[in-house]
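Single-structure report; data block below.
The values are calculated or read from the model by the stated rules, or taken from the named source; none is laboratory data. Owing to the predicted nature of the structure, the values given are computational and were not obtained by experimental measurement. Cβ placement follows ideal geometry from the backbone for every residue including glycine, while neighbour counts extend to all protein chains displayed.
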Amino acid sequence: MADKNRRPRILVVEDEDNIALALDYVLTREGYEHDRIANGAEALPRIRQTHPDLVLLDVMLPEMSGYEICQNVRMDPALKDVRILMMTARGSAMERRKGLALGADGFIAKPFELKELREEVGRLLQNRAGGDG
């Protein structure tokens, strides 16, 4: 049984400080517990260690792309309930299809509206909770 009082945990994987600051602002205001890393190679070990509810995952990262990270998370049965929202400045339909094909739960183009981000994060976390009723 899930602890209803526990705040959702979100891991932000974003190498651009200005975007990470905007995400920090939104996530703090929404009451989410969150952490950030800026390097693709550090993402998988951190995801395995902390098992976040949601990963906000940039596509273009140093050392390992968001696509590679997404694919690795989806190949790990222990992480099957981790939701992934991919973020990219190249918000083309092809990029979106690729991200979703690799197992992303959502896709958002940068720059994004904060309202759009809040809604997408809320949708993914609600879906994670599963249907109680």
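Only one entry in Arg36, Arg29, Arg46, Arg9 is basic (Lys, Arg) and more than 22 Å from Gln71 (Cβ to Cβ), namely Arg29.
Results for (1) assigned to a helix (DSSP H, G or I); (2) surrounded by fewer than 16 Cβ atoms within 10 Å (Cβ to Cβ); (3) in contact with a Pro (Cβ under 6 Å, 6 or more places away or on another chain), shown as yes or no for each residue.
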{"position": "Ala22", "(1), (2), (3)": "yes, no, no"}
{"position": "Leu27", "(1), (2), (3)": "yes, no, no"}
{"position": "Ile47", "(1), (2), (3)": "yes, no, no"}
{"position": "Val55", "(1), (2), (3)": "no, no, no"}
{"position": "Met64", "(1), (2), (3)": "no, no, no"}
{"position": "Asp81", "(1), (2), (3)": "no, yes, no"}
{"position": "Leu85", "(1), (2), (3)": "no, no, no"}
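Within the range 93-102, take every residue that is over 14 Å from Met60 (Cα atoms) and surrounded by fewer than 18 Cβ atoms within 10 Å (Cβ to Cβ) and give me the one that is nearest to the chain's Cα centre (by Cα). Taking the candidates together, the pick is Leu100.
Among the residues making up the range 2-20, those that are under 16 Å from Ile108 (Cβ atoms) and either in a loop (DSSP other than H, G, I, E, B) or basic (Lys, Arg) (or both) are Glu14, Glu16. Residue count for the range 102-120 under the criterion of being modelled with pLDDT of 90 or more and either part of a loop (DSSP other than H, G, I, E, B) or of a type in the set (Phe, Trp, Tyr) (or both): the result is 5.
Every listed requirement among (1) on the phi < 0 side of the Ramachandran plot; (2) charged (D, E, K, R); (3) surrounded by fewer than 18 Cβ atoms within 10 Å (Cβ to Cβ) is met by Asp105 save one, (3).
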